[in-house]
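Written out below as structure tokens is the structure these notes cover.
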Amino acid sequence: MDNAATAKATRLLELHHTGTTLVLPNVWDAWSARAVAEAGFGALSIGSHPLADSRGQGDNEDMSIDDALDGVRRICSAVPDVPVTADMEAGYGATPAELIERLLEAGAVGLNIEDTVHSEGGRMRSVAEHADYIGGLRQAADAAGVDVVINARTDAFIKKDQFEDPAAEAITRLLACEKAGARCVYPVGAPDADTLQRLLDALAGPVNVIANPRKGSAAGSLEDLQAMGVHRVTFGPLLQKELAPDLAALVAPWR
């Protein structure tokens with residue numbers, strides 16, 4: 001792997017451990033990536049949902065791995081000096097080794113992997129299965145000599161009806177992912193500040209929280225998240241969604 005990719009990966013990893021909350025706005029094309037980078041953000045995230053929307057495709061692995069990596073490659077090429085992490089859903093059916101190899105070829109140095117396999121009827125991976133996939137990603141990244149930032153996501157809160165205690169399920173899953181080599185974990189949909197604090201207390205490494213860029217997160221504002229010690233914030237599809245009414249309002253007078 002070239003030195004530039006290795007340096008970007010290490011930089012992205014370091015940004016998770018500065019003692020301040022890392023905000024990674026989710027972009028979806030070259031234009032949005034350049035705009036966010038020019039606003040002063042030192043690293044970016046690619047959301048699968050906004051990327052799919054930009055391509056006229058659906059989220060939940062409606063894109064193929066080739067589709068997704070085409071988008072990743074175009075975005076990374078637009079901001080060559082900026083570390084980029086990409087949402088790769090549940091892996092698009094790729095083995096961990098293949099996914100790491102192709103992700104790095106596309107220019108990204110981090111990835112998000114969830115435990116819902118939409119290409120297989122939306123089933124959730126078991127605790128061990130998800131941790132094994134995360135472990136395989138870490139092994140492949142280490143073999144490549146790159147500090148790929150693997151963000152392990154669980155949908156335990158999204159599928160809360162399946163669990164007696166969704167927070168306990170999320171903790172079990174994410175602890176297993178941390179042990180397997182995840183560098184960050186993502187309990188998407190944590191419903192409130194008390195639940196998030198329970199997660200932060202139980203987990204050892206960085207935790208990612210989703211927020212709306214205008215409305216904040218379910219656990220509060222950026223300042224609230226900083227005070228709690230949240231390590232990382234992303235917007236998922238919410239940045240793109242918040243821009244849609246602004247775009248409509250801008251062009252409406254010209255209708």
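So, in region 224-239, how many residues would count as being out of contact with any strand residue (DSSP E or B) (no Cβ under 7 Å at 6 or more places or on another chain), small (Gly, Ala, Ser) and over 15 Å from residue 22 (Cβ atoms)?
So the count comes out to 1.
When you scan region 143-158, how many residues do you find that are among the small types (Gly, Ala, Ser) and either at pLDDT below 95 or closer than 17 Å to residue 107 by Cβ (or both)?
Matching residues across region 143-158 total 2.
Name the strands (runs of 3 or more DSSP E) wholly within region 180-241 that hold at least 3 residues that are open to solvent by less than 40 Å² (accessible area, probe 1.4 Å)? Give the derivation first.
Working: elements: 184-187, 208-210, 232-234.
Here the list reads 184-187, 232-234.
Residues are listed down the side, and each one gets a yes or a no for (1) free of Cβ contacts under 8 Å to residues at least 40 places away in the same chain; (2) of a type in the set (Val, Ile, Thr):
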| residue | (1), (2) |
| --- | --- |
| 177 | no, no |
| 181 | no, no |
| 187 | yes, no |
| 210 | yes, yes |
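Looking only at residues that are touching a helix residue (DSSP H, G or I) at 6+ places or on another chain (Cβ under 6 Å) and either free of Cβ contacts under 8 Å to residues at least 40 places away in the same chain or among the β-branched types (Val, Ile, Thr) (or both) in region 112-151, which one is surrounded by the fewest Cβ atoms within 10 Å (Cβ to Cβ)?
Among those that are touching a helix residue (DSSP H, G or I) at 6+ places or on another chain (Cβ under 6 Å) and either free of Cβ contacts under 8 Å to residues at least 40 places away in the same chain or among the β-branched types (Val, Ile, Thr) (or both), it is 127.
Could you give every pair whose Cβ atoms fall below 9 Å, whose first residue belongs to region 51-68 and is under 18 Å from residue 123 (Cα atoms) and open to solvent by 40 Å² or more (accessible area, probe 1.4 Å), and whose second residue is acidic (Asp, Glu) and assigned to a loop (DSSP other than H, G, I, E, B), counting only separations of at least 6 or pairs across chains?
Within 9 Å, the pairs are 59/89; 60/89.
Identify, please: which residue in region 125-168 is among the polar types (S, T, N, Q) and in contact with a Phe, Trp or Tyr (Cβ under 8 Å, 6 or more places away or on another chain) and is, among those, nearest to residue 100 (Cα to Cα)?
Ranking the qualifying residues of region 125-168, first place goes to 151.
For region 1-29, give me each residue that is open to solvent by 30 Å² or more (accessible area, probe 1.4 Å) and under 22 Å from residue 70 (Cβ atoms).
Across region 1-29, the qualifying residues are 1, 2, 4, 8, 29.
The values are calculated or read from the model by the stated rules, or taken from the named source; none is laboratory data. What you are looking at is a predicted structure, and each value in this text was computed from that prediction instead of being measured. Here the Cβ is made from the backbone with ideal geometry for all residues, glycine too, and neighbour counts use every protein chain on show. The accessibility values were calculated without ligands, DNA or RNA, using every heavy atom of the protein model including side chains. Shrake-Rupley method; radii C 1.70, N 1.55, O 1.52, S 1.80 Å.
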